[in-house]
Amino acid sequence: MDETAPPPETLTVPRVDVDLSCVMFSGDGKLLECVNFGNPKGVQDSVIHSRGNEDKETVEICPSRVLHDCEVLGIVLSAADSPVRKMDLGSVSGLKINIYSSEKNKPQEVLSCLDLTGKVSTSAPTPNPFSDGHQSLVVCMLYRVGNGWHINLFMDTHPHASWGDILPEMKMRMKTISELEGMESIEIDEDERVVQSRPNEERTVSEASYQREMIKQSSSTSLPSVSRLRIDVGWAVTDPEAEDVAVEFNCAMLGIDGEEIQAVSVGNPEAEGAKVEEKAEEPEPEEPEEAEGEEDEEAEESAAEEEAKPDSPPEPPVNASIFLTFNELPQDVKSIVLSFNNFGGSGLAKVKTIYARMQDVTDPENPRDCSVYTFSGSKEHKKSTGLVVFKVFKEFKDNAYWWWRGADFRTLGEFSQKAHIKALMSAVLQGKKEYQSALAAAKAAEEAGEEDVVLPKKDFEWRVRVPAVTFPGESGEDHQPYITELAAFEGVLTADWLRDDSTSKVVFPTGDSFFGGYKLGKKDGLGFYVFANGGSYIGNYSNGKRSEEGVMMMPDGGVYKGQFSEDKFHGEGAYFYPDGSCYIGVWENGSKAGAGVYWDKDGGCLRGAWSKGVLKGEASYDQPSYCFKGNFVKGIPEGSCTFTVHASRTLDLPPMATSFILSDDGPTLTTTGRYDIPPGAGTDAPEGEEAPEDQPPMPKAPNYEGLSFTPSRDPPSLTPDIHFPPAEAPQPPSISAT
């Protein structure tokens, strides 16, 4: 049996992670084992899971090797949860299931070929806010009847992301199989749940603990908080006597810069808010004394029967437990990373199993599974000496991801196209300023000697992620760069450890944050970047740089909307200044360059050409009853100019050099004049050289010292009426990204 799921060709949903599982039950409904990506082989290789490529998985079942007390095998497809993208079976662009039967020395027989593309519900209640449709599908069930096996196709869908979340529903379905004897007596616990985490799975620790409640409520708003975690860790190796296998674990607590603050391990079992407890070795059972006299035939028969049965699935190994108490951890701890290593010489190739189980033990009498992950080593892992299983981290609610999430958008594309993007970016800026102001005030109070000063704290939530990635290295020092990378980045990494995910999250040591795409280690596609100073950017990236279309807000509230190249304003764009003025035109390498229009805060319109950010050459300035045309040098008028005024309206105009042409009869008049700057002030120094020290400075606002004006001696003349606004001048656009 195999399933394929080609990825949809969209930017914001690059791939729906669909997994195939074989769930095994006894005749009384007891869960025996599940074979899938995390447990690829069942007992005695009765069921084998394999993955041909990223879009095809296969489960092979050998009935003769199945456990004696296994009566039912359920085949389940499930799409993973995601906090950042739509993930459900209805989103898969291609979903096909093929079921085959084969016998020794006989050709393979096709039992069923199903194309479910577009046939799974795309509108159904689900606890995942980014999934509209069902996430799990019970394809079929195989069950024993006498000495043979029968199959029933069901195609039941459920709004849950894992086979472990639909055990009650699967047992209800088992009870409907009339050929199975005794199924009516199966007891169903509606709260039964088995946790098996996928690589890159991520959710809040409360969501992880109360997943079953989320399924019932279809909401996570009222989930209890989690204050303490227990992580059981263990491993088993292929040869316990091998000298090249020495597995160890380390639980490192890191700051925002990725530097280790503290860590716990077997050799260092206690730190602030964290401790390790080793599992006590169990004494070897004493061999029973042989009974004297006649042997018990009944006991012999029972032992023989037990020996003939296949082994039951082994209990996962547990070597130690890690306890984390959140409110006792150092405040600077941003991430907690659980890693395993083997520096013995064989890497992870001879590690049969690494097991990690995270539980919410806020109520120690009622532990709740949050995340469980099992790693199986193989010869492919010989060069890998490290493995990171869990990352528990603070998600601060002032970062790029949270602003996007709080705006209630489903994709980055929707986010970037909304007309109120400026209001949202302004809220980001205001929030950052308020925090910085409160922090500065509290620190000033501390320095002044005030007591009981409370520093403002950023709101955050604890989240858990399952990176499940391996890496090379010969020492803990070699592993540190990989740990630091995982501490900063939430997303998919390539085999070469390059960031490669269209909806990833990053918090930088500077306090900047990013939510968006990476490709081969560099920002790519749509992204939202929030600077620590409150500035922000929403738009496209290419090769790690802001590129093509985007919107950027500056720390002073100024906003640019337009084209970018190599992180700079480049091409057509509009800049909205904090005072209400706006420039529309061409930019080059971050500066105004070429034709453009500047609308000032009073509604005046300045048209001309800019060079290196300043107005240069012929330009005109228009207001409703006033027009100035002249030449500019470095943004200052210089040389001959023309004034056109509707005289009856000039009394309300502030510009200089208009009062001398006032008239009582109200015609439209024009006159000339001349501006002069100090000789030599406008001369550019040769490239790479500084201007001479004795070069006069250019006149500057507001007094324009050194600028002189000479009016015309000729009287003003009549001219056609002024048309405002100029028809050829573009109006300021609305601030919404394209």
Residues of region 219-251 that turn out to be among the small types (Gly, Ala, Ser) and either in contact with a helix residue (DSSP H, G or I) (Cβ under 8 Å, 6 or more places away or on another chain) or part of a strand (DSSP E or B) (or both), as a count
5
Residues of region 151-177 being under 28 Å from the mean Cα position of the chain (by Cα), surrounded by 22 or more Cβ atoms within 10 Å (Cβ to Cβ) and not in a strand (DSSP E or B), in sequence order, are His160, Ala161, Ser162, Trp163, Gly164, Asp165, Ile166
Out of region 372-406, which residues are outside any strand (DSSP E or B), surrounded by 22 or more Cβ atoms within 10 Å (Cβ to Cβ) and of a type in the set (Ser, Thr, Tyr)?
Thr385, Tyr401
Complete set of residues in region 87-106 that are open to solvent by 40 Å² or more (accessible area, probe 1.4 Å) and of a type outside the set (Gly, Ala, Ser)
Lys96, Tyr100, Glu103, Lys104, Asn105, Lys106
Val614 being out of contact with any helix residue (DSSP H, G or I) (no Cβ under 8 Å at 6 or more places or on another chain), open to solvent by 30 Å² or more (accessible area, probe 1.4 Å) and in contact (Cβ under 8 Å) with a residue 40 or more places away in the chain:
no
Inside region 431-453, can you point out the residues that are part of a loop (DSSP other than H, G, I, E, B) and either in contact (Cβ under 8 Å) with a residue 24 or more places away in the chain or open to solvent by 100 Å² or more (accessible area, probe 1.4 Å) (or both)?
Glu450, Glu451, Asp452
Among Ala419, Ala495, Ala438, which is at pLDDT 90 or above and either under 30 Å from Ala246 (Cβ atoms) or more than 17 Å from the chain's Cα centre (by Cα) (or both)?
Ala438
On the given criteria, is Phe515 of a type in the set (Phe, Trp, Tyr), under 22 Å from Ser335 (Cα atoms) and open to solvent by less than 10 Å² (accessible area, probe 1.4 Å)?
yes
What number of residues within region 518-536 satisfy the criterion of being of a type in the set (S, T, N, Q) and buried (at least 24 other Cβ atoms within 10 Å of the Cβ)?
1
Are any of the residues in region 90-113 acidic (Asp, Glu), within 29 Å of Ile354 (Cα to Cα) and at pLDDT below 80?
no
Near pairs, Cβ below 7 angstrom, 6+ apart or cross-chain, from region 193-206 (in contact (Cβ under 8 Å) with a residue 12 or more places away in the chain and closer than 16 Å to Arg230 by Cβ) to any residue that is part of a strand (DSSP E or B) and open to solvent by 10 Å² or more (accessible area, probe 1.4 Å)
Val195/Asp369; Val195/Val372; Ser197/Val372; Ser197/Tyr373; Val205/Trp462
Give the residue that is nearest to Pro83 (Cα to Cα), with candidates limited to residues of region 122-147 that are at pLDDT below 85 and of a type in the set (Ser, Thr, Tyr).
Ser131
For a quick check of your reading of the model, give me the residue pairs whose first member lies in region 264-285 and is farther than 10 Å from Ala320 by Cα and of a type in the set (A, V, I, L, M, F, W, C), whose second is open to solvent by less than 100 Å² (accessible area, probe 1.4 Å) and modelled with pLDDT under 95, with beta-carbon atoms closer than 7 Å and at least 6 apart or on different chains.
none
Which residues, taken from region 356-371, are buried (at least 17 other Cβ atoms within 10 Å of the Cβ) and modelled with pLDDT under 95?
Arg368, Asp369, Cys370, Ser371
Hey, can you tell me all the residues within region 36-53 that are closer than 18 Å to Asn98 by Cα and at pLDDT 85 or above?
Asn36, Val47, Ile48, His49, Ser50
Determine which single condition Ile584 fails, assuming it passes every other condition in (1) open to solvent by less than 30 Å² (accessible area, probe 1.4 Å); (2) in a loop (DSSP other than H, G, I, E, B).
(2)
Considering each residue of region 713-726, count those that are open to solvent by 100 Å² or more (accessible area, probe 1.4 Å) and either closer than 18 Å to Ala619 by Cβ or outside any loop (DSSP other than H, G, I, E, B) (or both), and give that number.
2
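For region 236-266, which residues satisfy the criterion of being open to solvent by 50 Å² or more (accessible area, probe 1.4 Å), under 19 Å from Ala356 (Cα atoms) and not hydroxyl-bearing (Ser, Thr, Tyr)?
Scanning region 236-266 gives Ala246, Glu248, Val266.
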Options Asp232, Asp244; residue that is under 30 Å from Asn39 (Cβ atoms), modelled with pLDDT under 95, over 25 Å from the mean Cα position of the chain (by Cα) and among the charged types (D, E, K, R)
Asp244
Residue pairs, Cβ under 8 Å, 6 or more apart or interchain, first in region 676-694 and closer than 13 Å to Lys634 by Cβ, second assigned to a loop (DSSP other than H, G, I, E, B) and among the basic types (Lys, Arg). List them.
Gly682/Lys634
Conditions (1) modelled with pLDDT of 85 or more; (2) farther than 19 Å from Ser611 by Cβ; (3) surrounded by 12 or more Cβ atoms within 10 Å (Cβ to Cβ); number of the one not met by Pro667
(1)
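For Tyr482, are the conditions met, namely being under 20 Å from Glu259 (Cβ atoms), in contact with a Ser or Thr (Cβ under 9 Å, 6 or more places away or on another chain) and either among the hydroxyl-bearing types (Ser, Thr, Tyr) or at pLDDT below 85 (or both)? I'd like the intermediate steps shown before the answer.
Details: under 20 Å from Glu259 (Cβ atoms): yes; in contact with a Ser or Thr (Cβ under 9 Å, 6 or more places away or on another chain): yes; either among the hydroxyl-bearing types (Ser, Thr, Tyr) or at pLDDT below 85 (or both): yes.
Considered against the rule, which asks whether it is under 20 Å from Glu259 (Cβ atoms), in contact with a Ser or Thr (Cβ under 9 Å, 6 or more places away or on another chain) and either among the hydroxyl-bearing types (Ser, Thr, Tyr) or at pLDDT below 85 (or both), Tyr482 comes out as yes.
The values are calculated or read from the model by the stated rules, or taken from the named source; none is laboratory data. What you are looking at is a predicted structure, and each value in this text was computed from that prediction instead of being measured. As a convention, Cβ positions derive from the backbone with ideal geometry for all residues, glycine included, and neighbour counts pool all protein chains shown. Only protein heavy atoms, including side chains, enter the accessible area calculation; ligands, DNA and RNA are left aside. Shrake-Rupley method; radii C 1.70, N 1.55, O 1.52, S 1.80 Å.
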